[in-house]
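The values are calculated or read from the model by the stated rules, or taken from the named source; none is laboratory data. The structure displayed is predicted, hence computed values, not measured ones. Backbone-built Cβ (ideal geometry, glycine too); neighbour counts: all protein chains shown.
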Amino acid sequence: MTAHVDVDRRTLGGARRRIGPFGLWIGFLLLVMAVAFGTWIYQVSNGLGVTNLRNTVMWGQYILFFMFFVGLSAGGLIVASSGRLFGATRFSPIVRLAVVEATVAVMLAAIFLFPDIGRPERLWHIFRYPNLTSPMVWDFTIVAAYFALSAAYVWLYTRADLAAAGSPLALGTADTPESRARDDRWKGILAWIALPAAVLLHSITAWIFGLQISRGFWYTAIMAPMFVASALVSGLALVILLALVVRRFGRLHFDDGLVSYLGALLAVFISVEAFFVLSEALTAAYPGAPFEGDPIARMLTGQFAPLFWFEVIVGLFVPFVLLARRSWRASPRVVAVAAGIAIIGIYVHRLNLVLNGLAISPIGLPPGVSVGTVQDGSSFAMSNWYVPSLVEWIIVAGVLAFGALVFTFAARWLPLQPRQH
Amino acid sequence: MKLSRRRFLKGAAAVGATTAAAAGGTAFVLLGRDHPDVAASAGVDRVVRTTCSPNCTGSCGQLAFVRDEMVVKVQQAADYPDAAYNPRGCMKGISYHTLIHGADRILKPLIRTGERGSGEFREASWDEVLERVAGDMKRIGQRWGYDSIHVFGQVPGSGYIQKGANYRASALLGLTHGTSFDFNGDLPMGMPITFGVQNAEHEAKDWANSRFLLLIGANPVETRIPDVHFLFDALEKGARMVVVDPNFSGTASKADAWLQIRPGTDAALGLAMAREILAADLGDLDFLRTYTDAPLLVRLDTGLRLRERDVVAGGSEERFAFRDERSGEIGWVGTKRLGMPRGSRAALGGTYRVRLADGSRVEVAPGFELVRRELETWTLDRAEQVTGISADRIERLARAYATSKPAAILMGGGSNHWFHGDLTGRAMGLLAAMTGNIGVSGGGFSVYVGQYKVRVNVGPWNNPDGAKAHIVPSIYFVRGRSETMHPDVPYPEHGFHGLVVTFANMFVQAPDVNRLHETLRELDLVVVVDHQMTETVKWADVVLPAATWYEKTDLTATPLHPFLQLQQAAIEPVGESRTELWMWRELVKRIAPDRAAAMEVTEDEAIEMILAAGGDRGGPTEGITLAQLRDGPVRLNVPDPDIPFLAQINDLEPFPPVSLPAPLEATAAFLPTRRIEFYKEEERFRELGETVPTYRDPHDDGVHDPSEWPLTLLTPHSKWRIHSTYGNNPWLAEIHGGRPKVLIHPDDASARGIETDDLIEVYNTRGSITAWAEVSPAAGVGAVTLPEGWWPRDFAAGKGVNELTTSEVNPIHEVHFVANMWSPSTGWKDCRCEVRRVEEAGRA
Amino acid sequence: MPERRSPVDLLSPVSRAYGELEPPSEHPRWGMVVDTERCIGCWSCGVICKSENNVPLGMWWNRILTEGDGLDVPTSEHGHPEMSWTPLACQHCDNAPCTKVCPVQATYIREDGVVMMDNTRCIGCRYCMIACPYGVRTFNWGAPDRPNGLETGMVEARPVGTVEKCTFCVHRLEEGQVPSCVWSCPAGARIFGDLNDPDSRVSRLIRDRSGEMLLEEKGTLPKVRYLPARRRQEL
């Protein structure tokens, strides 16, 4: 436990006298958040025209990060619940971390909706005038439910330890064998809810896209399974990375064997994802019949080919190879690298999905659709290449900083390490 | 990336399934259906009926919706008593308020502070600019004569009162008024030569009555938008439409057949068709005998017609000989009435010997024999070589045209805007006449480009107390006096030293514009009257801000439809802008106070003057009152449908009918026989070998050797503008992108390494312009196309397309002189050039 | 200040009669027929729409597509140049994908079939733009840009951050007048009327000249139908 104490000295203890690394880290995050908040105010007062979104590509970075974080949150809860449901007890050292990750990620996903919509002050309309046929309403519901679920999960897993430590976060409950037994029962019940909820969360997010007949590239039944698969990849990968980081700061203990085990699991998830990607590309490309401006050609050989092949090679192939060999994945460093690039691969996958789906107006006839703002030359565009504007990057950075802040505090003050009994 | 243009329209079979699916979608909706009432129109202060009048001469009735003294909507009035004309108007007219209240609107009088052309001005008071202009005009008048001040304006038909004020003031001050119909190249010289009239277009509604529409160098789908539906009306009734055009135009896209012709060779097509029609015996020879000079004998020794005076001592100058096939004798026809003597059958061919009064014998031939001799040379194969259209298609076209009755020829600027456009007109006129399509509803030979024909008697307004402005074709302002200029042209003794440009963008839109810019050296005063800050305004010494037609009163009419209409002010003149009538009144007051009283006339009084002048029995404005006009359009006293030559065809009245505002005597001189003339005996026709319809290679081929200048530059009207008007229309720029594009055929492009969007220079010895390439098979091989009217600021370099165009004068056009009727018509499309790539796409 | 009046009330009787709707059935279902043979790609419809509805620069409710290689540029896919135009605005689908996906029912179908936008409710998520296969919806990306600031039109401007689109000029329908694009089409290519009335001009045209649906395979069941071009008689 000495390491613990050292950390305390370096961080909290040191902060009292001078600003140590922890303080710097927190300060940095707060600064990024402040700048981002200001930028968001700027965006709200000037309209979404300050982004590089237009009528041609009307969804971009914010929605992308919404999807991405929905996916990231999956891994956590799936790891936690499948551990419980399928008796995968090897997960137990990282279960708490996983549920914290899930909670923070889904919270960030929800936050990303605010900069995305044109009238954030009207977001409550979704509760006042919900349209039950809208996948977006379903998604709001599931995101809210999922957040509640994962927050409950976090509490259930940490309650006893919090109570033991006398934390007010235990909400006045006590750490007794009976309460622990009750916790255990509830964990079992929640696992049965959480696993389908996680799957549903990703499916519904997928259906936001996959149910749109207007966008041929998205309109495929594989969208939901593929979202679940990519969620598993990115979620598990992030859990691995966070676990290693937290372990480095001494807040969590587990052996490298677990890392290797998680790495193997990640390899399985990656292969499932790869299977779906292959299946989708093959189905779309095989007939050789161009449709909707031929998004498959764009993806395989056209303007989106760099993104697609990056995803396939860097995001799927390389991490799979790194993780497939037992000797390689025995190294946490290798697993960390594989997890890192797998996450990036999934991000690129989402980028490709959103951009390619919107790259060409469904009616591919000139002059295209009206862009929505004044630009040089014609106000119409047939296709659009979208690169997020600085505003979008800053706001994304701010939300990420907020997530990092919440996670840092959680890692710092929540008992992530289960007590040994 | 190549887009797939999969056809996305499919049969509508699934109508039945509609409701079930829709119900499914809404069944879930339980909450939130309390939507606010959004269905109320926002109110306006008033709606004013007026008439749109840029230089398209379309005269479309518009409603101006006014709120807070701003025109917030312009929409077609759609109130023509003849419903076929509703709604009438185009996207340009209905977006005019973006110019009324636009960024380029001139709001105050301006006086130049920098160099001419620099665009540096200071704002000034009306008093100051009027004193300045009046003072300068007086100085110029005293030194060089007032006739050395040239007034150049927009076509009078676009507003008889305000444009008429230019004429009225010019008459009072002795200024020289320029011309527009001829200067714009729109005067179809084939018409006065053949029919003795300025033009003889059918009203647009009559297109719908045609069974066969032959469009030559005409693109109404893009340039006659308010009228184009009449073509579709005809097509819906089963008519066929053939478009002859070097480019695949919008009109070609709607045609049954598109004949891609080599630019400037339309006359050859017409001649070959005429030959084919004769060969197939499809001609209406009786029509030729009755109404034309075809049977009149021509002396082969002098090339002059055989007149009674030649044969009988003391005979008439105005009796012409024909040979009666029945009697073998010579017969005579006069000029008082068309037709041939009863019982005769005039020969149209052969040669004969005739004894003259002096006893000598000369060989004579019917005029048509000479025409036929020329036609004989126009075999289908020769025509194919010249025009690039296959002999086979020419033959089928000729037969289809001759066998469909009625058949209309609609000729446009694409064919007229040539140095030898008159020959094309003569060939087409021949076709129409030899198939009996003259004076027939659904038929005719109509030239639709710059419809200028004055519909009412503007004399009393334009010419105060009979005083007339000197009218000098503006081409002589640009080029100076030509060697062959008609002596009746009142060219000022000391040349030109002042210029007033009103409602015209002359320094961009004149042909051979670099030459025009050279005249600036001689000019002591350049006044520009306009409401938009055009490039021409920048060359002014003094700028007078003008009211648009939504801010003043005027009277308009057009040959395209038979309605007389008012312009009525919807709002007060914006800023300090004023009407032309007001400006001239103030100037005349300052220059010639003794004559100022003649300008003390209100617009309403001027309109009354015009109505009264044409209001006599049978006059065009008989029974029309100002009060009626205030309520909406009023039909002129013209036939329905309004087509030309009815009195000639039905009542055998001699050609030509009157062309307002010229007196009949003036234009009757064009036709000594008072018949449709295919044989022209005037000396210059004989000198130049153009006595009968024939073909000449494009004139610019003689200036720019085709081997060195292999491309023809075509500068058609754009659908997005009326010449340069609307060139700064922000809504339309959103559509077309505001970038001049040069249409070039893939073969011509690849030979020069040019690809779409490359920056290219188009140049010849007269000038150069830099714009962007649009490589498309819509272009003809050997022809590049850049629509005229782009503002100079839209180009990468250059003053506009007219740096390259020609201002040369065809001496045939100077045989007679009646301004805007027989006077030099310009040849914008008669222009050779070369093209080179300046910069690859994406780097500009 | 004089009291403002409805622009329709201020029309002369002749003009007003020109724009009058055919008498509709008891429960009208408004629809439009577009004659692609007559359409000349002049954009009068798009321009009057901008004017009527105060649509800012950069935004168009109503546009004209060229079936060709570019704006007004023909294609030579079949060895000879071909070109035609397809005007496109909201198709007012019976099975409107936009109304299905809108999370707050800000876009909805009126009883008369008009697909409407409620800009006081729209949250600006742009999901409807994703769902619409016709690309006819436009978002207010910022403060509206108008030519020299000129406010035009007969309806209120929409707030920033919300989506807008063609309304079939409902404000005119209320006053018995056809939409402005129908009024202003110089070629007579647009016909408007009641699809529930089998004898209305639109119903008859759809029957007699096989009015087609755009992107019929998307199952959106548009209430705008397109009449195909006539058969050409080559020389």
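Descriptive notes on the structure:
- Residue among A:Leu278, A:Leu211, A:Leu252 that alone is free of Cβ contacts under 8 Å to residues at least 12 places away in the same chain and more than 18 Å from A:Leu323 (Cβ to Cβ): A:Leu278
- So C:Arg126, is it more than 7 Å from every other protein chain (Cβ to nearest Cβ) and farther than 16 Å from C:Cys181 by Cβ: no
- Subset of the stretch B:518-542 (residues that are free of Cβ contacts under 8 Å to residues at least 60 places away in the same chain and assigned to a helix (DSSP H, G or I)): B:Glu518, B:Thr519, B:Arg521, B:Glu522, B:Thr536
- Flag for C:Gly19 being modelled with pLDDT of 95 or more, of a type outside the set (A, V, I, L, M) and either under 30 Å from C:Arg232 (Cα atoms) or in contact with a strand residue (DSSP E or B) (Cβ under 7 Å, 6 or more places away or on another chain) (or both): yes
- Residue in the stretch C:4-22 that is surrounded by fewer than 21 Cβ atoms within 10 Å (Cβ to Cβ), among the basic types (Lys, Arg), facing chain B (nearest Cβ under 7 Å) and over 30 Å from B:Asp227 (Cβ atoms) present: yes
- If you check C:Leu215, C:Leu173 for being within 15 Å of the chain's Cα centre (by Cα), surrounded by fewer than 22 Cβ atoms within 10 Å (Cβ to Cβ) and more than 16 Å from C:Arg38 (Cα to Cα), only one passes: C:Leu173.
- Among the candidates B:Thr805, B:Thr826, B:Thr785, residue that is hydroxyl-bearing (Ser, Thr, Tyr) and out of contact with any strand residue (DSSP E or B) (no Cβ under 8 Å at 6 or more places or on another chain): B:Thr826
This table checks each residue for (1) within 19 Å of A:Val137 (Cβ to Cβ); (2) in contact with a Ser or Thr (Cβ under 8 Å, 6 or more places away or on another chain); (3) of a type in the set (A, V, I, L, M, F, W, C); (4) more than 9 Å from chain A (Cβ to nearest Cβ).
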position	(1), (2), (3), (4)
C:Ile109	yes, yes, yes, yes
C:Gly113	no, no, no, yes
C:Met116	no, yes, yes, yes
C:Arg121	yes, no, no, no
C:Ala131	yes, yes, yes, no
C:Gly153	no, yes, no, yes
C:Thr162	yes, no, no, no
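- Number of the exception - C:Gln91 against (1) crowded, with 24+ Cβ neighbours inside 10 Å; (2) of a type outside the set (Val, Ile, Thr); (3) farther than 23 Å from C:Ala157 by Cβ; (4) within 7 Å of another protein chain (Cβ to nearest Cβ): (4)
- Candidate set from the stretch B:302-330 (those that are part of a strand (DSSP E or B) and among the charged types (D, E, K, R)); member that is surrounded by the fewest Cβ atoms within 10 Å (Cβ to Cβ): B:Asp324
- Scanning the stretch B:98-109 for residues that are touching a residue at least 12 places away in the same chain (Cβ under 8 Å), in contact with a strand residue (DSSP E or B) (Cβ under 7 Å, 6 or more places away or on another chain), among the hydroxyl-bearing types (Ser, Thr, Tyr) and buried (at least 23 other Cβ atoms within 10 Å of the Cβ) turns up nothing.
- Matching residues in the stretch C:97-120 - criterion: being without any contact (Cβ under 8 Å) to a residue 24 or more places away in the chain and touching a helix residue (DSSP H, G or I) at 6+ places or on another chain (Cβ under 6 Å): C:Val104, C:Tyr108, C:Ile109
- Test result for A:Ala264, surrounded by fewer than 23 Cβ atoms within 10 Å (Cβ to Cβ) and assigned to a helix (DSSP H, G or I): yes
- Every residue from the stretch C:196-235 that is more than 9 Å from chain B (Cβ to nearest Cβ), hydrophobic (A, V, I, L, M, F, W, C) and under 21 Å from C:Ser25 (Cα atoms): C:Val202, C:Leu205, C:Val224
- For the stretch A:144-164, a residue qualifies if it is under 30 Å from C:Pro103 (Cα atoms) and surrounded by fewer than 22 Cβ atoms within 10 Å (Cβ to Cβ), and the qualifying residues are A:Ala144, A:Ala145, A:Phe147, A:Ala148, A:Ala151, A:Ala152.
- Screening B:Lys138 with (1) touching a residue at least 60 places away in the same chain (Cβ under 8 Å); (2) in a strand (DSSP E or B) gives one miss only, at (2).
- Residue check, B:Arg337 within 30 Å of B:Leu664 (Cα to Cα), of a type in the set (Lys, Arg) and touching a Leu at 6+ places or on another chain (Cβ under 8 Å): yes
- Number of residues in the stretch A:46-101 that are of a type in the set (Val, Ile, Thr), touching a residue at least 40 places away in the same chain (Cβ under 8 Å) and more than 14 Å from every other protein chain (Cβ to nearest Cβ) equals 7.
Residue-by-condition table, conditions (1) within 14 Å of chain A (Cβ to nearest Cβ); (2) surrounded by 23 or more Cβ atoms within 10 Å (Cβ to Cβ); (3) of a type in the set (S, T, N, Q):
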position: B:Asp631; (1), (2), (3): no, no, no
position: B:Ser659; (1), (2), (3): no, yes, yes
position: B:Pro663; (1), (2), (3): no, no, no
position: B:Glu677; (1), (2), (3): no, yes, no
position: B:Gly689; (1), (2), (3): no, no, no
position: B:Pro693; (1), (2), (3): no, yes, no
position: B:Tyr726; (1), (2), (3): no, yes, no
position: B:Ile735; (1), (2), (3): yes, yes, no
position: B:Arg739; (1), (2), (3): yes, no, no
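- Residue satisfying condition, being crowded, with 23+ Cβ neighbours inside 10 Å, more than 7 Å from every other protein chain (Cβ to nearest Cβ) and polar (S, T, N, Q), within set C:Thr99, C:Thr167, C:Thr138: C:Thr167
- Note on the stretch B:695-718: among residues that are of a type in the set (Asp, Glu) and surrounded by fewer than 23 Cβ atoms within 10 Å (Cβ to Cβ), the one that is nearest to the chain's Cα centre (by Cα) is B:Asp697.
- Filter pass, A:Ile360 being buried (at least 17 other Cβ atoms within 10 Å of the Cβ) and at pLDDT 90 or above: no
- Screening the candidates B:Ala779, B:Ala773 for the property of being within 14 Å of chain C (Cβ to nearest Cβ) and part of a loop (DSSP other than H, G, I, E, B) yields one hit, B:Ala779.
- Evaluating C:Met83 against the criteria (1) surrounded by fewer than 23 Cβ atoms within 10 Å (Cβ to Cβ); (2) more than 8 Å from every other protein chain (Cβ to nearest Cβ) leaves one unmet condition, (2).
- The single condition from (1) within 14 Å of chain C (Cβ to nearest Cβ); (2) without any contact (Cβ under 8 Å) to a residue 40 or more places away in the chain; (3) acidic (Asp, Glu) that A:Asp184 fails is (1).
- Matching option when the condition is free of Cβ contacts under 8 Å to residues at least 60 places away in the same chain and crowded, with 22+ Cβ neighbours inside 10 Å, among B:Ala771, B:Ala779: B:Ala771
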